[in-house]
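Heads up: the structure comes next, in structure tokens.
The values are calculated or read from the model by the stated rules, or taken from the named source; none is laboratory data. Since we're looking at a predicted model, the values are computed, not measured. For neighbour counting, all protein chains shown are included, and Cβ atoms are generated from backbone atoms with ideal geometry for every residue, glycine included.
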Amino acid sequence: MTLNGGICRNPEAPVRTERDRIEVDGGEVAAHAKVYLMLNKPRGVVTTASDEKGRETVYGYLDESLPWLVPVGRLDKASEGLLLLTNDSEWAARVLAPETHLDKTYHVQIAAIADAALLASIAAGVRTGDGVFLRAKSARILRGGDKNSWLEIVLDEGKNRHIRRMLAQLGVEVLRLLRVAIGPLRLGDLPKGTSRPLTDVEKCDLDRAMRPQAAVRSRAGPPLRKA
């Protein structure tokens, strides 16, 4: 392999695909165009490339002509809804970075009649048996029935199985959990099991939603060191 005209024998050498010229066996290797995709993940599907238990994965719902994409975060097997996939690793890292506090909105069906006390407990947060503190940015009742309710829960952080563990600590069973939005990006009426590219406007809006945190850090200057 040659990198910018020089021989490179290190397969892990860092490269800048938008600038560097890479050749293998005399042929230039071109970088894939960046792809930003949204998928309406069905329930019962896992977000790994392959599964040792033979379960269905999200890759079975993607067009084979696409370059290799990775999920931006995860939805567990029992959860459904909006899942982003991309081949832009830097962008994916920004979406997931805790300091961006990018809102994730979920619609959650619970096996309980929701009331103001439950909403207050969700917003106040709970501590699990292993010492993890879990809270929601906000919660409201969407609709209720005789035996269950639908809540809208917004998180600005995302720990493993965050909502399920939080509600379990409050003694509430989750019946369904759907992610319907990430920042300003909404799932809308995308049919279950189908995917589509983000529009330029959607991508710009999502980038803009992540930008203020970086701008605040930049204006604040470097962190002060303790004496």
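Quick grid of which residues meet (1) closer than 18 Å to Arg179 by Cα; (2) charged (D, E, K, R):
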| position | (1), (2) |
| --- | --- |
| Leu69 | no, no |
| Asp76 | yes, yes |
| Ser79 | yes, no |
| Leu84 | yes, no |
| Glu90 | no, yes |
| Leu102 | yes, no |
| Tyr106 | yes, no |
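Restricting attention to strands (runs of 3 or more DSSP E) lying wholly within the range 90-196, give those where 3 or more residues are polar (S, T, N, Q). Can you show your working first?
On the way: elements: 104-110, 138-144, 149-155, 174-182.
In the range 90-196, there are no strands (runs of 3 or more DSSP E) which contain 3 or more residues that are polar (S, T, N, Q).
Collect the residues in the range 83-112 that are in contact with a Ser or Thr (Cβ under 9 Å, 6 or more places away or on another chain), more than 17 Å from Ala168 (Cβ to Cβ) and aliphatic (A, V, I, L, M), keeping them in residue-number order.
Leu83, Leu85, Ala92, Val95
For the subset of the range 46-67 comprising residues that are free of Cβ contacts under 8 Å to residues at least 60 places away in the same chain, of a type in the set (A, V, I, L, M, F, W, C) and surrounded by 14 or more Cβ atoms within 10 Å (Cβ to Cβ), which member is farthest from Ser79 (Cα to Cα)?
Ranking the qualifying residues of the range 46-67, first place goes to Leu66.
Picking from Ile122, Ile182, which residue would you name as being farther than 19 Å from Pro98 by Cα, touching a Ser or Thr at 6+ places or on another chain (Cβ under 9 Å) and either at pLDDT 95 or above or surrounded by 14 or more Cβ atoms within 10 Å (Cβ to Cβ) (or both)?
Result: Ile122 is the single residue among Ile122, Ile182 that is farther than 19 Å from Pro98 by Cα, touching a Ser or Thr at 6+ places or on another chain (Cβ under 9 Å) and either at pLDDT 95 or above or surrounded by 14 or more Cβ atoms within 10 Å (Cβ to Cβ) (or both).
Residues in the range 123-168 that are of a type in the set (Val, Ile, Thr) and over 21 Å from the mean Cα position of the chain (by Cα): how many?
First, the residues of the range 123-168 that are of a type in the set (Val, Ile, Thr): 126, 128, 132, 141, 153-154, 163.
Cutting the leftovers down to over 21 Å from the mean Cα position of the chain (by Cα) gives us 126, 128, 141.
The qualifying residues number 3.
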